[in-house]
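Here's a structure for you.
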Amino acid sequence: MDDKRYWVGFTLVKGIGAVRLRALLDYFGDAEKAWNASPVDMVSAGLGPRLAERVVQIKKSVDLSEYVARAEKDNIRILTWNDAEYPALLKEVDQPPPVLYLRGDVTAEDAWAVGIVGTRAVTPYGRQVTEELATVLAQNGVTVVSGLARGVDALAHNAALKAGGRTLAVLGSGVDRIYPPEHRQMAEKIALQGAVISDYAPGTTPDSANFPPRNRIISGLSLAVVVIEAGETSGALITAGFAADQGRDVFAVPGSIYAPQSKGANRLIANGARILLRPTDVLEALDLTRNVERREIRRAVPTDATEAAVLSLLGAESMHVDEVRARLGLPIEKISAALTMMELKGMVRQLNGMNYVALREDQAEYKISDPAVE
């Protein structure tokens, strides 16, 4: 049974996030049982009396079926940890958001993504760097991730759109409450060439407290984060901090030592961030120069029975190459060759330590009727 409405219910309870929801799921087995549990049982699961009471209040005040139906009517998609479409990169981070709301689509191509963040008070220099970087990334099949804010964020989204690329905008409000309001039209365009994403439920209004946490999603969706310009207290530095904690690369654009917009970026470089001197630095550092090649190979080369068998085995959870070999009973050389070709096609992605996940968006395209290995 599709129990997304119960996941949604828990997101409406202030104080229940990834850690507490995971504890409830582990204790009760699924979201529906957790939602329908008594307050006493919720406390036994470690929720705490006050939070258990908040769940009771939400149960009384919200019709979850109606809530989800209204979201669907408004073209808002709901993804949970259980969905194959849940972004694989984001799922890798510690405590990923249990529920994502989005307008648009997250696809297999978004596994190759770079975050671009920076000040709202962008200088002409920052504007030039932002537009050039976002354009180069988009032209090379790399998804641009940012936060739809004024300044660097908006410039990055717009440049990616103009270049015909994909872009993801992460909000500090519900996806039906675009902020700033003058970016509503931009958000509509992004939904057609990517997605507008939030872990805040529809109807959530913008609040200053919501924006620092959403930066964790920007970095979580990205292989690397580039800070264009940032003052000493800029939210972009929070995003860079999250990226470092998540094991993602952090790049910063050097600027004048006299410019307030460059103080934060310059300090990042002094503290070990990679220096960005040209747009292609990111592509080369992350081996993203092959992205266009990956797309061409994926379109040109058909799958074989080995690839089909591997793809049917892999999922959103990572699996080591040795386990793939053992479960399929094939020589390691054949498995390794298939995985290499599948990675080039964009069908799978390698994580750390020879672990692989399937990029589920492509499975339908490569599915064959007889997956038996010859």
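Identify, by number, the condition in (1) modelled with pLDDT of 90 or more; (2) buried (at least 18 other Cβ atoms within 10 Å of the Cβ) that Ala108 doesn't meet.
Unmet condition: (1).
When you go through Val117, Val170 one by one, which is the residue that is in contact with a Lys or Arg (Cβ under 7 Å, 6 or more places away or on another chain), of a type in the set (Val, Ile, Thr) and within 19 Å of Ala209 (Cα to Cα)? Full working, then the answer.
Working: Val117 fails: in contact with a Lys or Arg (Cβ under 7 Å, 6 or more places away or on another chain).
Among Val117, Val170, only Val170 is in contact with a Lys or Arg (Cβ under 7 Å, 6 or more places away or on another chain), of a type in the set (Val, Ile, Thr) and within 19 Å of Ala209 (Cα to Cα).
Kindly indicate the residue of segment 38-55 that is surrounded by 19 or more Cβ atoms within 10 Å (Cβ to Cβ) and closer than 10 Å to Leu24 by Cα and also nearest to the chain's Cα centre (by Cα) among those meeting that condition.
So, considering only residues that are surrounded by 19 or more Cβ atoms within 10 Å (Cβ to Cβ) and closer than 10 Å to Leu24 by Cα, the one nearest to the chain's Cα centre (by Cα) is Leu47.
Kindly establish whether Lys91 is of a type in the set (Lys, Arg) and without any contact (Cβ under 8 Å) to a residue 12 or more places away in the chain. Give the steps one after another, and end with the answer.
Working: of a type in the set (Lys, Arg): yes; without any contact (Cβ under 8 Å) to a residue 12 or more places away in the chain: no.
In short, no.
Pairs, please: C-beta under 6 Å, at least 6 apart or cross-chain, first residue closer than 19 Å to Ala134 by Cα and in segment 255-282, second in a helix (DSSP H, G or I) and polar (S, T, N, Q)?
Between residues of segment 255-282 that are closer than 19 Å to Ala134 by Cα and residues that are in a helix (DSSP H, G or I) and polar (S, T, N, Q), the close pairs are Gly255/Ser262.
Looking at this structure, is Leu79 buried (at least 16 other Cβ atoms within 10 Å of the Cβ) and either modelled with pLDDT under 90 or not hydrophobic (A, V, I, L, M, F, W, C) (or both)?
On the way: buried (at least 16 other Cβ atoms within 10 Å of the Cβ): yes; either modelled with pLDDT under 90 or not hydrophobic (A, V, I, L, M, F, W, C) (or both): no.
No.
Here's a follow-up. For segment 289-374, give me every one of the helices (runs of 4 or more DSSP H) that falls completely inside it and has 2 or more residues that are within 28 Å of Asp83 (Cβ to Cβ) and modelled with pLDDT of 80 or more.
Counting at least 2 such residues, we get 305-313, 321-328, 332-345.
I would also like to ask the following. Of (1) more than 24 Å from Glu182 (Cβ to Cβ); (2) within 13 Å of the chain's Cα centre (by Cα); (3) without any contact (Cβ under 8 Å) to a residue 40 or more places away in the chain, Leu100 satisfies all except one. Which?
Status for Leu100: all satisfied but (3).
The values are calculated or read from the model by the stated rules, or taken from the named source; none is laboratory data. Note that the coordinates shown come from a computational prediction; the quantities given were computed from them, not determined experimentally. Positions of Cβ are backbone-derived with ideal geometry, glycine not excepted, and every protein chain shown enters the neighbour counts.
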